[in-house]
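The values are calculated or read from the model by the stated rules, or taken from the named source; none is laboratory data. Please read all numbers here as calculations on a predicted model, not as lab measurements. We place every Cβ from the backbone using ideal geometry, glycine too, and count neighbours over all the protein chains shown. Note: areas computed on protein heavy atoms with side chains; ligands, DNA, RNA excluded. Shrake-Rupley method; radii C 1.70, N 1.55, O 1.52, S 1.80 Å.
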Amino acid sequence: MVPSAHVDTFARDNLPLPEAMPELLFELPELQLPQRLNVATELLDRWVAQGQGDRLCVQGESNGAPQRWTYADLQARANRIARVLVDDLGLVPGNRVLLRGANSAMLAACWFGVIKAGGIAVGTMPLLRERELVPIVDKARVTHALCDARLAEALYAVQANCPQLTQLRLFNGDGAAGSLEAAMASKAADFDNVDSAADDVCLMAFTSGTTGVPKGTMHFHRDLIAACRCWPPQMLRAQPDDVFIGSPPLAFTFGLGGLLVFPLAIGASTVLLEKVSPDALLPAIARYKATVCFTAPTSYRAMAAQVGQHDLTSLRKCVSAGEALPAATRLLWKQATGIEIIDGIGSTELFHIFISADEAHARPGATGVPVQGYRACVLDEQGHELPPGQVGRLAVKGPTGCKYLADDRQATYVKTGWNLTGDAYRIGDDGQFEFQARTDDMIVSGGYNIAGPEVEDALLLHPAVAECGVIGQVDAARGHVVKAFVVLRPGQVGDDALAAELQTFCKQTIAPYKYPRQIEFRDSLPRTETGKLQRFRLRG
Ligand code: 3UK
């Protein structure tokens, strides 16, 4: 073991005990990584050092002002921010720095500033409010924060309750005295990155968790580089001239990987947008001539209906993750754009995608095969491996794995070295992994096991259905009954006749016993900021 660069040892002191750690695999030659590693050096400084500082790196807009930064531009800003953190705000390596803001070029610069200075970036979703931020700040013992000026209010309220959070600077405001930008202006544009150990923590990502106290997942510098060497070259195969775009926040590891870490790892460019609704993403793809898009299944479904009004000829690769991609959505997007979506399951705990299929191997109803470098299998309740065709718990191991910050739930996610993601899966005859449901979302009705998402897939094939969510409703006779919440397409009327039609449609599409005995029409469905359906809120 090489010495840690952390002066503040909080993260290291709160790693899971060695026996609670997942088993790690570093078999691939490209996963032989040096013992000292700073991910900012690899992703950012390397390009400038190679004479490629003039390459386009980040585009975006902040407060309506367009931004277009080269690698050298981003590096200079990140260096100045690192100097502000160290010189003005007293940061020492290992301190936790909360980042708060919608996706923007400045947010990316802040992330790199923290990593360069040896800090630990704690990303937070822009929509979080005081009562959701306080547990994160407490749990991660956050001492510093860099926050978009437009989201400052909640953070002031947090500060009043969290005395350890003493250092706060605002960016993307008017740039007046006291702002981060004003402090940066007096700093030199160079900085020597902290010489971190490959296994120094650089990131704490809190799970978008549907229930309970948020869990902080810790990631080493090495974890991010390992992720860059697995899924992107195997399944995405993007090129240096690609222009990445998408919706997931940088606080979500799906977004951090897809919209910052992976593009910069290959010298490509990225578009960071504050507004990422389907309405905003489509014109942005056209305006920036984006080529690689990352978003959630519902976003592809909503965009598919509006594609005709936009020039999407630049687009060549589309990645979907966060929840299962319904076969109907895959088809709609292909019909609208000609593009076969690259589906992939990832998790905050493993940083990014570990099972996926490229365009040539995509099969409706299947997520794909384990990404090289990872191993996956399906286990029964006792932890024995199940043969293909049987539904069980998905288990994964690879170069990244779950490391919760001081959390008993480590023992739930990691058992006998395997990461248990909480998903029910089945391996198909062709070796592809088929998602069934979150383990908690399996519905047991009248003795049958029914996967809610399968019923959702069936409903989504009906032309009247825009979105839907299926849950088990407690029922005296059957234990649970299948209940569907349905959002209709514009112009459709949710009456008894349509409910009956949808039920008949389901019985004709999947095994009749799975049909939703109850249907409720809604104007919208509850979703997390990361695009996930909150089924527990539908269960009410
Ligand atoms: C579900 C999927 C079926 C699954 C994530 C890509 O979603 C991400 O991380 P989270 O921690 O949630 C993990 C859980 O989400 N899921 C994600 N993708 C799929 N289910 N098909 C999929 N393609 O239940 C998983 O256990 O929020 C996704 C990259 C990084 C991520 N953090």
For His221, the net charge from surrounding residues (Cβ-Cβ under 14 Å; K, R +1; D, E -1) works out to +1
Acute angle (nearest 10 degrees) that the helix 496-509 long axis makes with the longest principal axis of the chain, alpha-carbon atoms:
90 degrees
Please label the shape of the chain as rounded, prolate or oblate, based on the square roots a ≥ b ≥ c of the eigenvalues of the alpha-carbon gyration tensor (a/c under 1.5 means rounded; beyond that, a/b larger than b/c means prolate, else oblate).
prolate
How much of the accessible area of the chain, in percent, comes from carbon and sulfur atoms when a 1.4 Å probe is used?
51 percent
Of all DSSP beta bridges in region 79-159, antiparallel share, percent nearest 5
0 percent
Considering amide H positions built from the backbone, and no H for Pro or chain starts, which residues 5 or more places from Ala145, or on another chain, come under 5 Å of its amide H?
Leu98, Gln167, Leu168, Arg169
Point-to-point label distance, Asp380-His361, nm (Cα→Cβ direction, 7 Å offset):
2.8 nm
Using only Cα atoms, find the angle between the long axis of helix 130-139 and the longest principal axis of the chain, and express it within 0 to 90 degrees, rounded to the nearest 10.
60 degrees
Can you give the extra length, in nm with one decimal, that the chain gains between Lys507 and Ala280 once fully stretched, where that is 0.36 nm per residue apart less the Cα-Cα distance?
78.0 nm
Gap in Å between the Cα centre of region 419-462 and the Cα centre of region 110-159?
36 Å
Sequence-separation-based contact order of region 229-440, relative, with Cα cut under 8 Å and 6+ spacing, percent:
15 percent
The local net charge around Glu359, scoring Lys/Arg +1 and Asp/Glu -1 for residues other than Glu359 whose Cβ lies under 12 Å from its Cβ, equals +3
What is the distance, in nm, between label points placed 7 Å from the Cα along the Cα-to-Cβ direction at Glu19 and at Gln52?
4.7 nm
Compute the accessible area per residue over the chain, keeping the other protein chains in place, probe 1.4 Å, unit Å².
39 Å²
Antiparallel %, DSSP beta bridges [both residues in the chain], to 5
60 percent
Run the quick spin-label model on Ala157 and Gln518: label points 7 Å from Cα toward the beta carbon, then report their separation in nm to one decimal.
3.3 nm
Could you grab the relative contact order for the chain? Cα pairs under 8 Å, six or more apart, rounded to a whole percent.
13 percent
Mind jotting down the distance between the C-alpha centroids of region 26-71 and region 341-362, whole Å?
22 Å
Give me a comma-separated list of calculated 3J(HN,Hα) values for region 475-486, in order, Karplus coefficients 6.51, -1.76, 1.60 applied at θ = phi - 60°, integers in Hz, x for any Gly or Pro.
9, 4, 6, 9, x, 9, 10, 6, 10, 10, 9, 10
Count charges around Leu460 for me, please; just the other residues with Cβ under 9 Å from its Cβ, Lys/Arg as +1, Asp/Glu as -1.
-2
What's the extension gain from Gln234 to Gln67 if we count 0.36 nm per residue and subtract their Cα-Cα distance?
57.0 nm
How big is the gap, in Å, between the Cα center of region 165-187 and the Cα center of region 235-249?
30 Å
How much FRET efficiency would the formula 1/(1 + (r/R0)^6) give for Ser314 and Arg129, where r is the Cβ-Cβ distance and R0 is 56 Å, rounded to 0.05?
0.90
Subtracting the Cα-Cα distance of Asp408 and Arg12 from 0.36 nm times their residue separation yields 140.9 nm
Find the relative contact order for region 442-538 and round it to a whole percent, using C-alpha pairs within less than 8 Å whose residues are 6+ positions apart.
27 percent
Sequence-distant residues sharing a close amide H with Val465 (under 5 Å, placed H)
Arg489
Amide H of Val243 versus every other amide H placed in the peptide plane: which residues, excluding those fewer than 5 positions away on the same chain, fall under 5 Å?
Thr291, Val292
Karplus ³J(HN,Hα) for region 146-157 (6.51 cos²θ - 1.76 cosθ + 1.60, θ = phi - 60°; Hz, whole; x = Gly/Pro) runs 10, 9, 4, 4, 6, 10, 6, 3, 4, 6, 4, 5
On a 0 to 90 degree scale, rounded to 10, what angle separates helix 71-83 from the longest Cα axis of the chain?
70 degrees
